[in-house]
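Okay, so here's the structure we're looking at.
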Amino acid sequence: MRRHGGWMLALVLFAGGAQAPLAAETLLIDRVARSKATVLPRQNTSMSEVEAHYGAPKEKRPAVGQPPISRWVYPAFTVYFEGDRVINAVINKSSDLEQGPRPAPPQKKPAQ
């Protein structure tokens, strides 16, 4: 009996865990792989070139700040513009539940 006790416990824990609701999660590594497969607009590309190549964005956010920074949101990525030129493009999160890596804890300085 003792010999099978560990297996029974593992089976019970597995079966109980299988009934828990599953949440769709995207691992960071999956997101990185997806970003490598997505061709993003390059820096210094004009707004008209981006729209000609990728089509109209689903959302255009107005410019804010100085220099004026605006953004266009596409289903898979977001493009940031300074004036009418691309300064950055990033892959969108898969869902609001997706989390990136946590910041590293502060390191202690060696005693001198």
Exercise. Outside any helix (DSSP H, G or I), surrounded by 10 or more Cβ atoms within 10 Å (Cβ to Cβ) and modelled with pLDDT of 95 or more, is that true of Lys60?
Worked result: yes
Problem set entry | Hits in segment 44-57 (condition: at positive phi and loosely packed, with under 10 Cβ neighbours inside 10 Å) | Gly55
For this session: Mind listing whichever residues of segment 84-108 are assigned to a loop (DSSP other than H, G, I, E, B) and either touching a Cys at 6+ places or on another chain (Cβ under 8 Å) or at pLDDT 95 or above (or both)?
Result: Asp84
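Take Val32 and decide whether it is part of a helix (DSSP H, G or I), under 18 Å from Ile87 (Cα atoms) and at pLDDT 55 or above.
no
The values are calculated or read from the model by the stated rules, or taken from the named source; none is laboratory data. This one's a predicted model, so the numbers in the text were calculated from it and none came from an experiment. In this analysis, Cβ positions are derived from the backbone assuming ideal geometry, glycine residues included, and neighbour counts consider all displayed protein chains.
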